[in-house]
Each structure stands twice: as structure tokens, then as C-alpha cells.
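These notes are about the structure you will find just below.
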Protein chains: 2
Amino acid sequence: MNIRHLRYFVTVADLGSITRAAEELGMEQPPLSQQIRQFEQKLGVKLFERQTRGVKLTEIGATLIPRARAILELQHQFQVTAEGLARGEVGHIRLGLAGAVPLLPVIPLAIRSFRDIAPDVTLSLEESNTPALCAALHESSTDIAIVRPPVPDPARLSVSHLLDEPTVIALPRGHRLTEEPVISLDMVADDPLIIFPRELGPGFHDAILSAYQLAGVTPILGQQAPQIAGTVPLVAAGMGVSVVPRSLCQIHAGGVTFHTISEPAPRATLAVAIRSGQNMPIVSRFVKILRTTCREWEKMSPEAQFPASGF
Amino acid sequence: MNIRHLRYFVTVADLGSITRAAEELGMEQPPLSQQIRQFEQKLGVKLFERQTRGVKLTEIGATLIPRARAILELQHQFQVTAEGLARGEVGHIRLGLAGAVPLLPVIPLAIRSFRDIAPDVTLSLEESNTPALCAALHESSTDIAIVRPPVPDPARLSVSHLLDEPTVIALPRGHRLTEEPVISLDMVADDPLIIFPRELGPGFHDAILSAYQLAGVTPILGQQAPQIAGTVPLVAAGMGVSVVPRSLCQIHAGGVTFHTISEPAPRATLAVAIRSGQNMPIVSRFVKILRTTCREWEKMSPEAQFPASGF
DNA sequence: ATTATCCATACATATTATATATGCGACATG
DNA sequence: CATGTCGCATATATAATATGTATGGATAAT
């Protein structure tokens, strides 16, 4: 049994004539006659009633026709899907995002431009932390991860830079420096520093502490936040100050104010990671769009970068 | 693209090795290698990552595997169904029943024995009248019809006798003959005869009127009943008497009593009709069972014929 | 009666799948 | 480091299969 047999079967059934079906199929009548007969023999079932004027489905044939159509439909879907996958037009991308990355406007921007060129690709987003995302990549439970470098185990991963985001200082309402637009780290050396556990993002964590060191001060470590974005509520609660990626300024919580940091300021670096073996066209396309979107976004003015924010 | 390609595809994917898959498939390794490569070329997609130790699905291949399995599963179902149809073990029978036939205990008996030998065949029942059933057979909206002969247009139909059911007289509560177990038609010649329209069952209708004629009386036609079984409620309402198939004695409505008719008594003949071209094995099997069940049932005692009735 | 239509059969040819033999590269093992 | 083994790829030959061409037979239309 063969898909060709099924195609012949439904075509003959549809046209009620082997001759017509043959020309529809671009072949001659005798071979089609033979194929139909052979198919019947293989199945052990008489599919058509040969009449003087064409052929007519037997009851058994009529019962089998919908099933044959279903197989042909699936087969067609299979080929369409394969073509789409080859062209990077269909499929599914599981996108992993490091802590606080969803707040970055480039992400929706990139997703939007990707949907424009590949509307049939579905996306699933998941927020996690850099080490977990790298593990997810390795075990193929995520396709693309936006991480805060360095990645713990870069073997078999292909990592490329996305952008360097400035950081800002988050101060609670009523802090003595609330009116200062620009603050240096040594000015807040006496305030407890709210920071996330190092395991969730060793690179960014170290960058913050290094910046303190370069500023010549040692931070007093305050309450630990559950994630990167989780520092802001703790600042709002007056537990201390925090150094966060600038995109967190979109969180307007409890009167927290955000302030530019004078040099030396830490930077929140983001990179995109995929498996090295990964060669799904959609994945490459998405990464490409992600990178160009980030490049363009970095050139934009701060007002354009955060369109709905009062930064 | 071919079903064989799909089978090769999933087998190689399952075993992770072309060599293993080849022996699983009962073929040599080189042709399988070729077929896989050819399949990839036809699809324009790389399905496997050739490694030093076997092969591994690419992401695209992994995406396509479930679809390939689905097609193979459907194809398997197709063949199983075809075999079942050939053997008369699967399928669907649309059974049409003439008026009042559902009350005949042979019908459930036959259906039950049929389900014992062909449990995967589904049945749908429909009650109608003989001419409509024959039309339904002709237009293939019914597969088997139990009718009251003669059939109006026996061309292209194959009709065979099932049974001759005795008829009984139905009397309303309080009728002067209620206490008589056996009644002759001339004894009720003065009571209006409730009967169904001739169009709904010309054969049975004529048999009743002929019996009256043979008894030397002419019936007074009373209210017309909508169907054969519909006479009983009208009798209960006191509109007259009726002559009905004996199986209607199972309707215990409003004190109607049923009485054996002394000869000459009409008989309610039943026959089974199928299309002549009909050669679905399940249909033949069902008809065969129907006939044997009827033969056996006719030999049974009246008490056994109507087990749950007080006849 | 004659023609046209449509399916079946017979044979030849082209296409396709498979088998056999062999080569190449990568790992494992002594 | 050499050697053997494993696994996939290639090349060629052969077998299987599908298709094309020519033709016959049956039935309905003219």
C-alpha cells in the first residue's frame, strides 16, 4: 500500500471514472486501472463496482474513502510543514528570558517584527535565570535564551552579544538623595544594597560589586531579593537601595525613584544563546532579528526606548 | 513521498541507527541510507544529523516525527478497517424497520446475536413504512429494511421472507366481546375498523381487508391511524376495533384487550430487503442471522416468544 | 446497425527499490 | 600509535514496480 494508491483511489471515486481520473492524474487509463485493481487485491476488498458507464464506489469503498482522504490530508500537511520548517516559516520557538529581561522593550519589539515575517511561528516565553536557562538549552527544553553573560558552560552553546544596558540606582521614597538626578555609588555606600542571589546571575551580580569596588567603597549587603526585578519592592519597603537595569524604571512601585549612576557604573550585559547544533531556520532568523532590533534600539534616544514611561 | 519513506523515517529515528533500523525493517543498510537521503532531498529538509555513532534527529526531524507517526497510524487503521470490512467485522448498518416491527421481539434477539459475533459493528435503527423504506434502500440511505411485502419496486432489491406473524383483534375496554378469547371477523363487522393508511403498508392493509372479505363481511372503516401501532390508542379511546400484528399485544394501553382471530385470519408478513448490489459482508451476515433468528422464533411457544408479556 | 465510450488485458519500457561489494571516517583497544 | 571495529556513504547490478502503447470486449447512444 502506497500513498499513490490512496490518491488514485479518491480521484477515481471523485470523478466516478477511471478514464477521467487518469487524465486528472496526468497518466493513461490502463495503468490506473491496474493500480486500482492491485490496490483492491492488496486490501482484499472490492472498492469499485465496474459499470458500463464509469465505476461506482462499493459500500466498502464508500466507507474507506473518508479515511483515505484523512491520510492524504495528513500527508499534505506533512509536506507543507516540512517546507515551512525548511524556510523557517512554521514551527515553535521556546524563548527563555533571564531575570527582568521581559521588562526590556526590545523583547516585544523583536517579537513583533518576527511575527511580521513569520506569522505562523508560535512563541512561548519563560522567565528564569541565566544558569537555569543554559541548562534548559542543553537539555533542549528551550530553543533560544536571552541570558546575562557569562554563561556557566559555553561548550555546545553559541552565545552572541545583544546589548549593554545602563544601570540605575533605585531609591526609596523620602531618601535623602531623591532629588539628585545623578548619583555615584560612593554616595549610597552607607545604604544597605538590595541584591539578588549570585546564583541567579553571576555575571551581573559581579558587575555590580565590581563597580562599587571601582568607586572605592564596599557595599553593605542588605536583604536578598528573590529575583533581579524583585529588588524594587524591597527598595520601596525601605529596606535599602538597589542597582538595577535601567529598564526596571518602568516599575512605578511605592514611590521608588531611579537615578543615573555616574562612572564607574555597572552595565547589565545581555546575550543570546542557542545550541551550537541548532540549525532550525526559524531560530537563526529569530536570533538575527533580535540582534538587529537590539542594535537599533541602543541607538535610540532614552525617550524612544521607553515610549510609555516617564523616565 | 511514500508511506515506506515514513516508516523508514520513524524506524531510524526510533533506533537512532540506520544499520539497526535496516535489520528491524528486514533490509540491508545501504538501501535504507539511500532512501533516507532521498526522502530528505524530496522534502528539502535535513532529518538526521549523521554522527560517528549512529544518527540523531535534527530539530526539524524531531518536529516531523509525530506527524509521520500519525500518518502511519492512520494508514494502519485504514488497513485494519479494510480487513474488518472484508470479513464483516467492522462497519455500520443502518437498519430500517416497517411500522410496528420494533415491537417484535425477534429484532432485539437478532441484534443481540449479531453483536455477539460482530461486536465492532454499529447499528442505527429507524422506524418508517414499507414504501419509504424501499425508497431509502434505493437511495442508499438505509442498508437493510424489514418491510411488509410486497415491496412496491422490487427491481434492484433483493427481498426474502422472514416470518408470518399472526394477527389479533384489539378491543376497547368494556366491549361486548372482551371475555371471548377467540373472535371471528364477522363478529366485529359492525364495529368501526381502525386501520392505517394503505400507503404506509399496502400489503398488510390489503391482507386485513381480504380477510374480512373471506369472512363474508365488509368492514366499516373508522378513524384512520397515523401508523400501524397507532391504531391501539385509538381503540383504547373507543373509536372502534382494530386488527394488528400479534406483537402489538405488548402495548398495554387503556385496557385494550387482544383476541385471537379464528380463520380466515390475516397474517402480517415480514420480509427483509437489501439492495441487490449490496455485498457488504456485514450486511449479508446480519440478514443471515435475522433469518435464522426468525425461523427459530417462529418455532417457539407464544409464552417464549413474548417473555415479558402476559399474552 | 453503427459508433462512441469506457474498462480490461497484453506486452514493452522506464522508473524505482533493493542487494552486493567496497570505501571512508571515527572511535575504541591493545 | 597502530589496528580493528563500527557505522554511514557510494557504486554498480539486479529485481520489482509503475507506466505507456496497442488492442479487445462490452454496453449505451445515435
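Averaging over all projection directions, the Cα-based convex hull of segment A:3-87 occupies 5.9 nm² in the image plane. Taking a Cβ cut-off of under 15 Å around residue B:12, the surrounding Lys, Arg, Asp and Glu residues balance to a net charge of +3, with basic ones at +1 and acidic ones at -1. About the centre of its Cα atoms, segment B:1-128 shows a dipole size close to 520 debye [charges on the beta carbon of Lys, Arg (+1) and Asp, Glu (-1) only; nearest 20 debye]. Per-residue packing, averaged as other Cβ atoms within 10 Å, sorts the ranges B:210-217, B:234-241 into the order B:234-241, B:210-217, beginning with the highest.
Taken residue by residue and averaged, Cβ atoms of other chains lying within 10 Å of the Cβ of A:52-60 number 3. Go ahead and set up a Gaussian network model of chain A, Cα springs under 10 Å, then flag whichever of A:158, A:301, A:247 fluctuates most. Looking only at A:158, A:301, A:247, the biggest GNM fluctuation is shown by A:301. Just the ratio, please: alpha-carbon radius of gyration of the protein assembly as shown over 2.2 N^0.38 Å, N its number of residues. This ratio for the protein assembly as shown stands at 1.63. Computed from Cα positions, the angle between helix B:281-299 and the longest principal axis of chain B comes to roughly 30 degrees.
Cα-Cα pairs above 19 Å in segment A:164-268: how many percent?
On the way: 1726 of 5460 pairs.
Tail of P(r) above 19 Å: 32 percent of Cα pairs.
Across peptide A:67-74, the average count of Cβ atoms from other chains found within 10 Å of a residue's Cβ is 5.
In this Cβ point-charge picture (+1 for Lys and Arg, -1 for Asp and Glu), chain B has a dipole of about 1460 debye about its Cα centre. A Gaussian network model of chain B, with springs between Cα atoms under 10 Å, assigns the largest mean-square fluctuation among B:30, B:105, B:131 to B:30.
Annotation for segment A:1-70 versus segment B:32-73: alpha-carbon center distance of 31 Å. Ranked by the mean number of other Cβ atoms within 10 Å of their residues, highest first, the peptides A:183-194, B:41-52 come out as A:183-194, B:41-52. Largest GNM mean-square fluctuation across A:39, A:258, A:204, computed for chain A with C-alpha springs under 10 Å, falls on A:39. Taking the charge dipole of segment B:138-254 about its Cα centre, with +1 at Lys and Arg Cβ atoms and -1 at Asp and Glu Cβ atoms, the residue from B:144, B:215, B:161 reaching farthest to the positive side is B:144. Cross-link check: pairs A:42/B:46; A:56/B:46; A:42/B:56; A:288/B:42 evaluated at a Cα-Cα cut-off of 31 Å; pairs beyond the cut-off: A:42/B:46; A:56/B:46; A:42/B:56. Projected over all directions and averaged, the alpha-carbon convex hull of chain A occupies 22.3 nm². Between residue B:198 and residue A:120, the FRET efficiency from the beta-carbon distance, with R0 = 56 Å, is close to 0.30.
Name the residue from A:32, B:121, A:234 whose Cα lies farthest towards the positive end of the charge dipole of the protein assembly as shown, charges +1 on Cβ of Lys and Arg and -1 on Cβ of Asp and Glu. In the protein assembly as shown, that residue is A:32. Helix B:29-43: angle to the longest alpha-carbon principal axis of chain B, degrees 0 to 90, nearest 10? Here the helix axis deviates by roughly 70 degrees. Extending 7 Å from the Cα toward the beta-carbon at both residue B:299 and residue B:160 defines two label points whose distance is 1.8 nm.
Look at the alpha carbon pairs under 8 Å that are at least 6 residues apart: their mean separation over the length of segment B:213-276 gives a relative contact order of 27 percent. Residue A:59 sits among other residues whose Cβ lies under 13 Å from its own Cβ, and their net charge, with Lys and Arg +1 and Asp and Glu -1, is +2.
Counted by Cβ distance under 12 Å from residue A:305, the other residues give a net charge of -2, where Lys and Arg count +1 and Asp and Glu count -1. May I ask you to list the residues of segment A:47-71 whose amide nitrogen lies under 18 Å from a point 7 Å from Cα along the Cα→beta-carbon direction of residue B:138? The answer is none, because no backbone nitrogen lies closer than 18 Å to the label point. Here's the picture: charge each Lys and Arg Cβ at +1 and each Asp and Glu Cβ at -1 in the protein assembly as shown, and of B:188, B:271, A:202 the one pushed furthest to the positive end of that dipole is B:271.
Counting only other chains, and only Cβ atoms inside 10 Å, what mean value do you get across the residues of A:87-93?
Partner Cβ neighbours, averaged per residue: 1.
Rounded to the nearest 20 debye, the dipole magnitude of the protein assembly as shown is 1580 debye, with +1 charges on Lys and Arg beta carbons, -1 on Asp and Glu beta carbons, and the Cα centre as origin.
None of the figures in this text is laboratory data; all of them are computed from the coordinates on show. Owing to the predicted nature of the structure, the values given are computational and were not obtained by experimental measurement. Reconstructed Cβ throughout: ideal geometry from the backbone, glycine too, with neighbour counts over all protein chains shown.
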